[in-house]
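Take a look at the structure below.
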Amino acid sequence: MGLFLYQARTGKGELQKGRFEGANSAEVADHLLAAGLIPVDISALPDPVEFNLGEVLGKNRAQSIGIVELQLFSRQLHTMLRAGVPILRALTSLRETSINPGFSRVLAEINDGLGQGRELSMCLARHPKIFDSFYLSMIRVGEMTGRLDNVLDRLAVHLDFERRAREMVKGAIRYPLFVVIALMVAMLVINLFVIPAFSKVYAGMNAELPLMTRFLIATSTFTREYIHFLIAGAGVALLGFIGWKGTDRGRYNWDRFKLRIPIVGKILRKSALARFARSFALASKSGVPILQVLTVVAAVADNRYYADKIGNMREGIERGESLLRTATLTGVFTPVVLQMLAVGEETGELDNLLQEIAVMYEQEVEYEISTLSQQIEPILITALGAMVLVLALGVFLPIWDMGSKTFGH
């Protein structure tokens, strides 16, 4: 028996945390499902005496399953079910052909659970780190409606979108982050090596230096004398930021701040809206009730700020308000999305209209990222120009003054 930490959501989407003693994570998952909870995360507390870091890291590497592999699994299982292959035989075939040993073990456990009479959704729920609440909710709907193969096909399309969205967002952030780091490194090199070389030359002149030169020399001297404290302070600040971002409130504020960053913020907002629209359309088209739709969409949101706003929408609908009104009160949806929500509620074509919104915003995100370098170039040129101007004035003004005095005499 071991002690496990778990996180699970109620039928209303509320997050619950606690501890449970069991033989393995599967037993804990069964206990949570029997209590009407959807497992989100189950992790074992290691024994401090027998804990082996190398074994744990090796096990995690073997069992790491990316979104591409999950997408491939959904697509292959959909194809085999549509062809009439029994699900036990299909999972056996997928387990035998899987190149990931960790995923093979997971498929073997799922197959064993199905052989014992459990539903597929219950077997998948034993592995919350692989199959999230959105995936589980869709599988459960497919089982209830008898359209599991169609749901798996839509999940494969959805996972492909998620993969592309994450890659696009990472691509949007990578370039400006590289530019900022390059500027910081350039400033550090100038302060540590360039300015000290010139300050030795000016020291022998016994002349009053211009304000800009004195400022550069003072900055360089401070950097060289306190470089260790600056590095230690930066490290402490980084660790503090990581710890703060790991809290619920910190993650909420950070995700909200990212949306306000110039240029990058609008890409993140459009990506979040595309993810909301596609997830909502997929769940709604599969027959998921509206309240459960908002619950799973909030869970799959990659931004805590948007997830909180979507949760507010669910609470508003529970009070009897319309979807359009609750969406308007959040203040995070564009007029185009609100218009589509209004028309969708009136015509009953909400899922199709949101699908169109998702495609539109995906195309806009791709366009914004393709032109990102053009948008950042003016900022980069301005920053580099300002840095060169300050450096040139600080270095050459004393020489200019000396020449003026020499020719003046």
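The values are calculated or read from the model by the stated rules, or taken from the named source; none is laboratory data. Quick caveat, the model's predicted, so the values are computed rather than measured. Positions of Cβ are backbone-derived with ideal geometry, glycine not excepted, and every protein chain shown enters the neighbour counts.
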> For MET80, which of the numbered conditions (1) surrounded by fewer than 17 Cβ atoms within 10 Å (Cβ to Cβ); (2) over 31 Å from the mean Cα position of the chain (by Cα); (3) not charged (D, E, K, R) fails to hold?
Replying inline: (1)
> Quick one: would you say THR334 is in contact (Cβ under 8 Å) with a residue 40 or more places away in the chain, surrounded by fewer than 23 Cβ atoms within 10 Å (Cβ to Cβ) and more than 25 Å from LEU155 (Cβ to Cβ)?
Replying inline: yes
> If you scan region 176-226, which residues turn out to be on the phi > 0 side of the Ramachandran plot and either in contact with a Gly (Cβ under 8 Å, 6 or more places away or on another chain) or among the hydrophobic types (A, V, I, L, M, F, W, C) (or both)?
Replying inline: none
> From PHE229, PHE215, which residue is under 20 Å from ALA392 (Cα atoms) and either in contact with a helix residue (DSSP H, G or I) (Cβ under 6 Å, 6 or more places away or on another chain) or in a helix (DSSP H, G or I) (or both)?
Replying inline: PHE215
>> Quick check on my filter: what residues within region 126-148 are of a type outside the set (S, T, N, Q) and over 22 Å from the mean Cα position of the chain (by Cα)?
In response: ARG126, ILE139, ARG140, VAL141, GLY142, GLU143, MET144, GLY146, ARG147, LEU148
> Just to be sure, is LEU70 under 25 Å from ALA299 (Cβ atoms), surrounded by 12 or more Cβ atoms within 10 Å (Cβ to Cβ), modelled with pLDDT of 85 or more and within 28 Å of the chain's Cα centre (by Cα)?
Replying inline: yes
